[in-house]
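The values are calculated or read from the model by the stated rules, or taken from the named source; none is laboratory data. It should be emphasised that the depicted structure is a prediction, and the values quoted were computed from it without experimental measurement. Ideal geometry is used to build each Cβ from the backbone, glycine not excepted, and the neighbour counts take in all protein chains shown. All accessible areas refer to the heavy atoms of the entire protein, side chains included, with ligands and DNA or RNA removed. Shrake-Rupley method; radii C 1.70, N 1.55, O 1.52, S 1.80 Å.
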Amino acid sequence: DVKVTQSSRYLVKRTGEKVFLECVQDMDHENMFWYRQDPGLGLRLIYFSYDVKMKEKGDIPEGYSVSREKKERFSLILESASTNQTSMYLCASSLRTGGISPLHFGNGTRLTVT
Amino acid sequence: AQSVTQLGSHVSVSEGALVLLRCNYSSSVPPYLFWYVQYPNQGLQLLLKYTSAATLVKGINGFEAEFKKSETSFHLTKPSAHMSDAAEYFCAVSGPGSTLGRLYFGRGTQLTVWP
């Protein structure tokens, strides 16, 4: 069974802090994704990666960056956290098969910025 | 471009009643379609997927969905709701050659099941 593990379930950070959200998958998937989920807005794609050291902007990349130094790990970085980044963050992974493979999700990190 | 519209952000049914969650898609290529379920404080779990084989797709927990190209729809149904079905449901679309495997999600439908 595919396992996607997000390092923290809950995080509380202060405005202006640099925040790291970590995600690890154990199925040798090429693709990894970071979404944020807000009530009434569904899932919005922040960044994704299709290979080590490769990254692509999603729909809402502003205020975020990512790092993928190893195939199994994909990190989301909030350079200077702001209150409007309070949200649920979901990591996902999939095989590189041109859209036919489903995404496998972690349990999410609920981030609160005060 | 690909997109998904889920009609109804909230659906309420009685236990034992039919569940119908609506999803319409827009895609310039033959789509792949997915339904996911999210229980409170958890990530999303795949319920079922359509990838151009049979148009009626059966998933886990007694759910099924029918792909109707003429209506650009992929509605999710379950004949008899159970209390444990209460969750949020997301429809998603991608397509052959989809940009690096990304899925486009709808805004979700919260299903409430009354005893």
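Give the Kirkwood hydrodynamic radius (Å, one decimal) of the protein assembly as shown, defined as one over the mean of 1/r across all pairs of different Cα atoms.
After inverting the mean inverse Cα-Cα distance, the result is 18.0 Å.
Provide the per residue accessible area, probe 1.4 Å, for the protein assembly as shown, rounded to a whole number of square angstrom.
I get 47 Å² per residue for this part.
How compact is chain B by the rule of thumb for globular proteins, expressed as Cα Rg over 2.2 N^0.38 Å?
So the Cα radius of gyration is 1.02 times the expected 2.2 N^0.38 Å.
Please give the average number of partner chain Cβ atoms lying within 10 Å of the Cβ of each residue in A:100-113, rounded to a whole number.
Partner-chain Cβ atoms within 10 Å, mean over residues of A:100-113: 5.
Local charge sum around B:Phe90 (other residues, Cβ-Cβ under 13 Å, Lys/Arg +1, Asp/Glu -1)?
+3
Gap in Å between the Cα centre of the range A:48-114 and the Cα centre of the range A:10-39?
Each part's Cα centre sits 5 Å from the other's.
With a ≥ b ≥ c the root eigenvalues of the C-alpha gyration tensor of the range A:1-68, is it rounded (a/c under 1.5), prolate (a/b larger than b/c) or oblate?
Rounded, since a/c falls under 1.5.
Answer rounded, prolate or oblate for the range B:31-79, using the Cα gyration tensor with square roots of eigenvalues a ≥ b ≥ c: rounded when a/c is under 1.5, else prolate when a/b is larger than b/c, else oblate.
Prolate.
Add +1 for every Lys or Arg and -1 for every Asp or Glu among the other residues with Cβ under 13 Å from the Cβ of B:Trp114, and state the total.
Neighbourhood net charge equals -2.
Stokes-Einstein diffusion coefficient for the range A:6-114 at 10 °C in a medium of 1.306 mPa s, Rh from the Kirkwood formula over Cα pairs: what value in µm²/s?
Here the translational diffusion coefficient equals 115 µm²/s.
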